[in-house]
Structures are given as structure tokens and as C-alpha cells.
Amino acid sequence: MRFMFKTDYEDDIKLFPHSGYIVTYGVLLALLLIAPHVLSSYLMSQLVFVCIYAIVGVALLILTGFTGQASLGHAAFLAIGAYTAAYLQKYNVPFPVYFLAAGLLTGIIGAMVGFPALRLTGIYLVIATISFALIVEEILARWESVTHGNEGMRVKALSLLGVTVPRDSPTFYYLCLAVLVLTIVGTLNLLRSPTGRAFVAIRDSETAARSMGVNVALYKVKSFAISAAITGFAGVLFAHKLSFISPEMFTLQLSIEFIIVILIGGTFSLHGAVLGAIFIVMIDPFLTYLKDDMPGIIAGIAAAFGAGTTTAGNIQANVAAFASLNGLKGAIYGIIIVLFVLFEPLGLYGRWLKIKLFFQLFPLYKRATFKRQKIYVKSERNR
Amino acid sequence: MLDFVQQLVSGVALGCVYGLIALGFVLVYKATEVVNFAQGDLMMLGGFFAFTFIGMMGLNYWLGFAGAVAAMALFGMVAERVVVRPILGYPQFSIIMVTIGLGYFLRSVAGMIWGTDDLKIDTPFSQGVLRMGSLVLAYDKLSVIAATMILCTLLWLFFNKTMLGTAMRASSENMLAAYYMGIPVKRVVSVVWAISAAVATCAGVLLAPITFIHSNVGLVLGLKAFPAAVLGGFGSIPGAVVGGVLIGVIESMAGFYLPEGGRTSRPTSCCSPCCS
Amino acid sequence: MSYFRAENLSLHFGGLKAVDAVSFAVEKGEILSIIGPNGAGKSSIFNLISRIYRPTSGRIFFEDQDITEEAPYDIAKLGIARTFQNIELFENATVLSNLLVGRHRHSTTQLWQELLFLPSVRANEKVHRRRVEQVIEFLDLEPYRDKLISGLPYGVRKVIELARALCSEPKLILLDEPSSGLNVEETDDMSFWIRDLKNELGVTVLMVEHDMSLVNRVSDRVIALNYGRVLAMGSPAEVQQHPDVVAAYLGA
């Protein structure tokens, strides 16, 4: 176990508390940089999606995790970013301009959503954000002169400084990775300055925040705007990655997926957004693997345990049939959400911290260290 | 004029189904301040149960209906015990997410078991029509309206006139205080979930002749019933039904009188401002 | 003119007069205690001052400025800090970040500067931190700096709340029952700190308190309330001997 001796106020401010962090993240970054030369093109493509989902995850963490404002409407912000990019691209606006424009526009719309949301808490906020997402979906389908309605829009390959960057090139991956890293650094900066602390204050007690001079309304709107803007940036990358966008890509389902990202990753640290994104995006390859290889492996194991050829064959067929059932992905999502909320409320990153602490304190670790405090339900209606 | 009345009746009938689902939202919310986003899926599951009993096992309609209601009440209790109770008292957002997860799970599993085709239940009301002069009203729609009225009256009486109902209202106001006063809060919550699942099943079975049962019906109708609950103030049983009827009628009228396009208007959108 | 003044302050909830035409003044550098039985309207007065409630009528002045219509968050910017009866801390944050939120009214940096964490932001952070450390030292909170609030005992939280209020460098501090829930020793500590607030930091203190021994030890003047009305005002001894006050407490 490492003991930290802080000798300067700087020690509490800097991003990497000690040299171990620099080494770890340095190695991680190096691995991510050489990834395109090692991994298959399919996995690379999934890795790009991990980056995009992680960006949205960070955005959602700012709003939900740190400011305490739930949102089930982030698919709409993603859509606005994506459509802004697609629309401006038609008029040959260069990438950097429409990238920034998409973020700006989404941020402004986010602030506009934030204003009516000021008076809402808890479930009403969830309802309001769902409604907002449905309205946006509807507008995208109906405003045909701009969005081409349900036919969707093609998105041309990204062109940066006169060079075309195809959506499956390493350069595009590096671009997504860069945006993710910048987002994370920016968010960390925010969290260690007054604004970030004001967000956390609002999450934990609005009354106290107000009495300490925090303009609660202003900071909630700021949080909405920042979160939306970051999601808008992700939307541009998303549009380029898919090369085709249509309204039915940005449904409630997608918003829920984003919530699952932070729920699974953990809502109290930015690590959560990345871990959750990896989890969500990698479910697909995992299911494919389940479909293709798993039945054979299980049959092999069964055979090794002495099952006859016919039994093994039957098992293989049954497992294959199960793995290719239609709604399996939905069922897995459902089970994952329920299990995580019930048993792992701190998410994957929380589990990692627990394991780390277990070994640091061995054999003195107490399970109660991470026990959640129960808050008994008092009516919110009477407030 | 005739058209108008007929549209009105079918709107009210559809609205009653929304109202019944909304009722489920309200019941659970009233007792535990939890919004059960899986309410629509409970309805869907109830419909499938009824289909299994009536369509596949060939039971009498009423017997199958009762069987489905009983089975779903039990299912509601189990779902509450397994999924919701462990996190009762934690932040609302966790509970909302759990019910969303439950909904996902139910939808997919129902799709795996009963397939993704539209299913239909034959009911005693499926065929007949009531003729009053030149006005023709289908029995299936009238039956929905009648059943909703009966259910609402029963529930209203239950909540306001029985000890258990009072206990439910008490535990929703302040769970800990109710617990100290000797109210078995856990059992109360179980019962509420059972009732709301039963009500959802009624909605599902009544709906079967009007729309078909398929694994996504719960999600679609749940999203429409939700604003109904919001319109009704989220805490009132009559309010939920009135809200549901309102949305049903608007939808039906819009479908008839508005040009193509306005029909699929999302009721959720128009209702969001009133929830503040 | 007085430093802080409430004039004919009233707060009615329907027919209930929680605060009824209360007037009082606080002089610069004094400790004024408000006492009274439960439901006398003591905390309501605090909530009126910090603008959680809007007064039905009456005006509030601070440093000759009418603050009745100020926004709640601007009250803190004027230099009025408060604590709460039932502790309102930021539960899932460390003690340090709780105290740094107390510095919020002094933060001058812009959002874009914070996103880039420019040197100016860094310098500001260090200034804030230095001030926070002074408060930590003043209230002996050194062992708890990096602890989460949710794991701390009640007595410590009470002190942290006081510390957070002090971090905003207030001119006037409102203490809502600073000793409630504290044991005898902790109450002793609290009474020393409250005196030090006045003597060392020159902060004016307005306090609601039930514990008469604490009131006697620290107060310069006392106001007694009952049913939202002022019964008596004066030195602690005078007020306690006032026949109306005795009647209110003993129910005669």
C-alpha cells in the first residue's frame, strides 16, 4: 500500500496524484495508439464506437453523475449533432467548422432544455427529457426539407485539411480517440474548479448550495449545455462513422443504452464512462462469439465429460438455438441493468476499487466499507 | 354526427385501456413513489398469459381471464420481491432503471416464448354489435368501457374505504413512519404490485380484441399511458382514467379528422409542460 | 443605522402566522441569540433572511441595503452565511470539497478558463485552498480533510457546516441551533468557537439556540419569541427573568 505525503496544495490539484498513474495511463495510451496495427478491422470499428459511447458517457456523467439531473434524452442531442454535421456538409462547410457548429448548436439546445427542467426533479425530469427526445425524433422525421425525413441522410467521408479520412481508417480512430481524451481532460479540469464543485453541491443539496452562493438555476443550465454540447460533438463522429443517419437510429432505446453505459461503469468517476462504453459496445461481438463458437465449445466440454456423440450434438444444437434467439440482446440488457442496480450500484469501476482495496488492506478489508446508506422514502409530492 | 359518436366511443374505449395502464402506474406510485416503467410490459405479459390459457389451452374465456389475472398478480408480487424490494429506499433513479431493465427483460423473453407474431384472443364480445337506430357500436369496445368503470369503482373503494387502502396511502407518505406505526410496509408494497399487475392484465385482455398482442405492445402503449398518468396528476386514480380517456379520444379524433401525419402525434410531447 | 435590521417581518402560511411583525436589529460585531419554544418562528426568520421563504410583508436591511428582494444565492455574495438545523452538507463529497464550495462566492474564473485549467484558475484554486486551510486549522478539522461526509459522525458534521460557512468569509453568520445533537464537550467547544468568531474573526453572529447555558455563555443580547411575536429583548439575564418569557416556557 502506498502512503501519500502531501507537501503542497498542488498535490490535491494535479491530475495524476503520483507517478504510478502517469505510467499506467501512459502504457494505456501507447496500447491504444498501436491498436490499429494489431487488431482486426472489425474490432477497430468497435473501438471507434467505444470512443463515441465513452464521449457520450462522459457527457451524461457530468449531468447525471455530478449534477444529479437524470436524462433519458441524450439520443436526441446525439441526433442534433449528427444532423447538423450532415446538413452543413452538403454546403461544403469544412469539418472543423461544422464540428464546432454542431457542438455549439447542441449546447444551445441543451441550455434551452435545461430551462424548463429547472423546476423538475426526479421522475418528472426523466419524463421531460423523454418527451424532448420524442419531439426531436418526430421533428427529424417530419422536417423533410432539412432532414430528408425517414429516408435518412448520407454522410460523406470526413475531409480534414484537404485529406479524405475514410470512416474505417486508423486516422478516423485517432480522431475519435483524441476527442475522447480532450473531453476527459476538459471534464477533469472542470471538476477540479469552482464550476465542478458547484455541480456536485447541487447534486447533494440544492438548499445548501444556494445558501453558499451557488446560482443553482444557472449551474443546472450550464450542466445541461455542457453535457449536450459534448454529446453533439460525439454526434458528428457518430454520423461519420455510420455514413448514413435516419431518425430511427436515435430512439429512446439509444438513450437507455447511454444510461446503461454510466450505470454499468459507475456514476461517480469518469472511469465509469469508459468501462461502461467498452461493456455496451462489446456485447455485440460477444453475442456473435456466443452464436458461432460457444455451442461447439460447450459440446466439446460435454463430450470430454463423457457424453455420447448424439448427446453432445444435441447440446450443441440447443445452445446454438438459444444463442440465436431473437431477443437475446434485449434480455441480456435487462438482466444486466437489474443485476447492476441490485448488486453493483457503484458499477464496474466501483468493483475495481473494491478489489484494489481488498488487496491493499488484506486481511482487514470490511465489506461494510461500501455499504449503501438507506434513505427511507418520504413523499416528494409534499415538497 | 354519427361518425363523431362512433369515433368518440372507440376513442373512449382505447382511452380506457390507456387509463387502465396509467392506473397501474398510479397505484405503484401512490404506494411507493416508484414509477414502474415496466407497467406496459406487465400488460403485455398478461395478454400473453390470457392467450396461453384461452387460445392455446382452450379454456373458457372467463376462466382464462381469471387465471391470467391470478397468475399475473402472483407474478407482480414475485417481481416486486425479487427486483424492487432490495432497492426500496435507494435513490429513485436506481428504481426507475431497475423497472426499465425489467421491461427489457420481459419484452425479450416474451418474444422468445411466444414469438414476434401478432396474436389474437377470441372473446365473447369479439363479434357482436349494439344497434341503436343507425348507430352501430361494437361490443368489444363497450366491454372495455364497462370493465374500466367497474375496476375503477372497486379500486377507489378499496383505497378509500378499507384499512389496507389507508395503510397504502400512509406508507406512501412516509415509509418509515408507517413502519413505526405497525403497518407491514413490505406486505403492503407486495399487494400493491399484485394489484397493479392484475389491473394491467385486465387492460391486456380487454385490449386483445381491439389491437393485437405482440411483444412490443407494452412499450408502445406504456409510452402512451404514461402521459395519461401525468395528465391525471400522477397520484389520483380517477385522474389517471380521465387522462387516459382524454388521450384516447384525441388520438381517435385526430386519426379521423386530421390529414395523414398528424395521427401518430406523440401525446407525450404535449403533456410534458404540465408535469411541473 | 444598525448593521442588520429586520423591520415588521411577517410570514403567514394561510391563517398561520409563523412570523408576525417581528422587528429587531443586530449591531456590528455582536452575538445576538433568538430563543423561544418550539414553533415560535425562530428558524422561519432564518429562512426569511436567507430567502428560502419570501416574507409576506416587512423588509430586511443589511449594511443599509434592502436585501428583501435579493435572489437567494446573492445573499451569500453579500456576506451572509448560514448553517442548518438538520445539517445540509454535500454528503458524497470530501470535507475539502465541501469547504471549497464555501469559497464559491469568491470564485472569479470563467467556464472556458476552467475547461483549460489556465494558470489563473490554478492560482485561484491555491488561494481558495489557503483560506480553507486557515479555517480547518481554526476549527481543528485536520484529521478529516480527505474523508467523505457520509462516513463522519454527527458532531464532526456540525463543525464542518460551521467551517463551510466560515470559508465564505462572511460578515454576518446565521447559526441555526449550533449545539443541537452535540454532547456536553462538543457544546463547550462550540461555545468557544462562537466567541472566537466574534473576537478573532470579527464576524457578527445571529444564532437560534435552545441550550440556555450556551446562550448565556456567548450572547451579548437575546430576543425571545413566541407564536411568531417578540416577547422580550435585552441581555440574557433580563430576558430570562421577563415574566412573559417565563410564562411561555412554563406554560403558565
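The values are calculated or read from the model by the stated rules, or taken from the named source; none is laboratory data. All values reported here derive from a predicted model rather than from experimental measurement. We place every Cβ from the backbone using ideal geometry, glycine too, and count neighbours over all the protein chains shown. For accessibility, only protein heavy atoms count, side chains too; no ligands or nucleic acids. Shrake-Rupley method; radii C 1.70, N 1.55, O 1.52, S 1.80 Å.
Residue by residue, here is whether (1) open to solvent by 70 Å² or more (accessible area, probe 1.4 Å); (2) within 21 Å of C:LYS28 (Cβ to Cβ) holds:
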position	(1), (2)
C:GLU200	yes, yes
C:MET207	no, yes
C:SER213	no, no
C:VAL222	no, yes
C:ARG229	yes, no
C:VAL246	no, no
### Message
What pairs come out if I take residues in the range C:10-33 that are on the phi > 0 side of the Ramachandran plot and pair them with residues that are hydroxyl-bearing (Ser, Thr, Tyr) and in a loop (DSSP other than H, G, I, E, B) whose C-beta lies under 9 Å away, six or more apart or interchain?
### Response
C:GLY29/C:TYR3
### Message
Take the conditions within 14 Å of chain C (Cβ to nearest Cβ), surrounded by 24 or more Cβ atoms within 10 Å (Cβ to Cβ), in a helix (DSSP H, G or I) and touching a residue at least 24 places away in the same chain (Cβ under 8 Å) and apply them to A:PHE233. Does it pass?
### Response
yes
### Message
Taking the condition of being more than 14 Å from the chain's Cα centre (by Cα), closer than 22 Å to B:TYR104 by Cα and open to solvent by less than 50 Å² (accessible area, probe 1.4 Å), how many residues in the range B:215-260 meet it?
### Response
1
### Residue tally, condition outside any loop (DSSP other than H, G, I, E, B) and either polar (S, T, N, Q) or touching a strand residue (DSSP E or B) at 6+ places or on another chain (Cβ under 8 Å) (or both), over the range A:239-286
6
### Qualifying position, being crowded, with 24+ Cβ neighbours inside 10 Å and within 14 Å of chain C (Cβ to nearest Cβ), among A:ALA201, A:ALA225
A:ALA201
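A quick yes/no check of all residues on (1) open to solvent by less than 20 Å² (accessible area, probe 1.4 Å); (2) touching a strand residue (DSSP E or B) at 6+ places or on another chain (Cβ under 8 Å):
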{"site": "A:GLU137", "(1), (2)": "no, no"}
{"site": "A:LEU140", "(1), (2)": "yes, no"}
{"site": "A:GLY152", "(1), (2)": "yes, yes"}
{"site": "A:LEU190", "(1), (2)": "yes, no"}
{"site": "A:ASN215", "(1), (2)": "no, no"}
### Message
I need the full set of residues from the range C:82-122 which are more than 7 Å from chain A (Cβ to nearest Cβ), of a type in the set (Ser, Thr, Tyr) and under 27 Å from the mean Cα position of the chain (by Cα), in order please.
### Response
C:THR83, C:THR94, C:THR108
## Note on the structure
Within the range C:111-136, the residues that are among the aliphatic types (A, V, I, L, M), modelled with pLDDT under 90 and open to solvent by less than 30 Å² (accessible area, probe 1.4 Å) are C:VAL121
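Residues are listed down the side, and each one gets a yes or a no for (1) touching a residue at least 24 places away in the same chain (Cβ under 8 Å); (2) within 12 Å of chain A (Cβ to nearest Cβ); (3) in contact with a helix residue (DSSP H, G or I) (Cβ under 9 Å, 6 or more places away or on another chain):
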| site | (1), (2), (3) |
| --- | --- |
| B:ILE21 | yes, no, yes |
| B:ALA73 | yes, no, yes |
| B:ALA79 | yes, yes, yes |
| B:TYR104 | no, yes, yes |
| B:GLY111 | yes, yes, yes |
### Task
Looking at (1) in a helix (DSSP H, G or I); (2) over 30 Å from B:PHE93 (Cα atoms), find the lone condition where A:ASN189 falls short.
(2)
#### Entry: Single residue of the range A:177-198 satisfying the filter (within 19 Å of C:ARG122 (Cα to Cα) and among the hydrophobic types (A, V, I, L, M, F, W, C)) that is farthest from the chain's Cα centre (by Cα)
A:ALA198
### Message
Residues that are open to solvent by less than 50 Å² (accessible area, probe 1.4 Å) and part of a helix (DSSP H, G or I): does the range C:83-92 have at least one?
### Response
no
### Condition met for C:ILE52 (among the hydrophobic types (A, V, I, L, M, F, W, C) and in contact with a Pro (Cβ under 7 Å, 6 or more places away or on another chain))
yes
## Note on the structure
When the range B:158-177 is checked residue by residue, the ones that are among the hydroxyl-bearing types (Ser, Thr, Tyr) and part of a helix (DSSP H, G or I) are B:THR166, B:SER171, B:SER172
### Task
Specify which of the listed residues (A:LYS220, A:LYS241) is within 14 Å of chain C (Cβ to nearest Cβ), touching a residue at least 60 places away in the same chain (Cβ under 8 Å) and either out of contact with any Pro (no Cβ under 8 Å at 6 or more places or on another chain) or not basic (Lys, Arg) (or both).
A:LYS220
### Query
If you scan the range C:53-81, which residues turn out to be facing chain A (nearest Cβ under 7 Å) and either open to solvent by 20 Å² or more (accessible area, probe 1.4 Å) or aromatic (Phe, Trp, Tyr) (or both)?
C:PRO72, C:TYR73, C:LYS77
### Task
For the range B:217-227, name all the residues that are among the aliphatic types (A, V, I, L, M) and either closer than 21 Å to B:ASN160 by Cβ or within 12 Å of chain A (Cβ to nearest Cβ) (or both).
B:LEU219, B:VAL220, B:LEU223
### Message
Considering only residues that are open to solvent by less than 40 Å² (accessible area, probe 1.4 Å), under 20 Å from C:ARG130 (Cβ atoms) and either among the hydroxyl-bearing types (Ser, Thr, Tyr) or more than 14 Å from chain A (Cβ to nearest Cβ) (or both), which ones fall in the range C:160-198?
### Response
C:SER168, C:LEU197
### Query
Any residue at all in the range C:134-149 that is in a loop (DSSP other than H, G, I, E, B) and among the hydroxyl-bearing types (Ser, Thr, Tyr)?
no
### Query
For the range B:80-103, which residues satisfy the criterion of being open to solvent by less than 10 Å² (accessible area, probe 1.4 Å), small (Gly, Ala, Ser) and more than 16 Å from the chain's Cα centre (by Cα)?
B:GLY89, B:GLY101
### Message
Quick check on this structure: which one of A:LEU120, A:LEU100, A:LEU125 is open to solvent by 20 Å² or more (accessible area, probe 1.4 Å) and hydrophobic (A, V, I, L, M, F, W, C)?
### Response
A:LEU100
### Query
Within the range C:93-110, restricting attention to residues that are free of Cβ contacts under 8 Å to residues at least 24 places away in the same chain and over 18 Å from A:GLY65 (Cβ atoms), which residue is surrounded by the fewest Cβ atoms within 10 Å (Cβ to Cβ)?
C:THR108
### Message
Name the single residue that is nearest to A:ILE184 (Cα to Cα) among those in the range A:249-296 being open to solvent by 50 Å² or more (accessible area, probe 1.4 Å) and among the acidic types (Asp, Glu).
### Response
A:ASP284
### Task
Take the residues in the range B:104-142 that are open to solvent by 60 Å² or more (accessible area, probe 1.4 Å) and of a type in the set (Asp, Glu), then tell me which one is farthest from B:VAL34 (Cα to Cα).
B:ASP122
### Message
I need a count of the residues in the range A:202-216 that are in contact with a helix residue (DSSP H, G or I) (Cβ under 8 Å, 6 or more places away or on another chain) and over 22 Å from C:LYS171 (Cβ atoms).
### Response
4
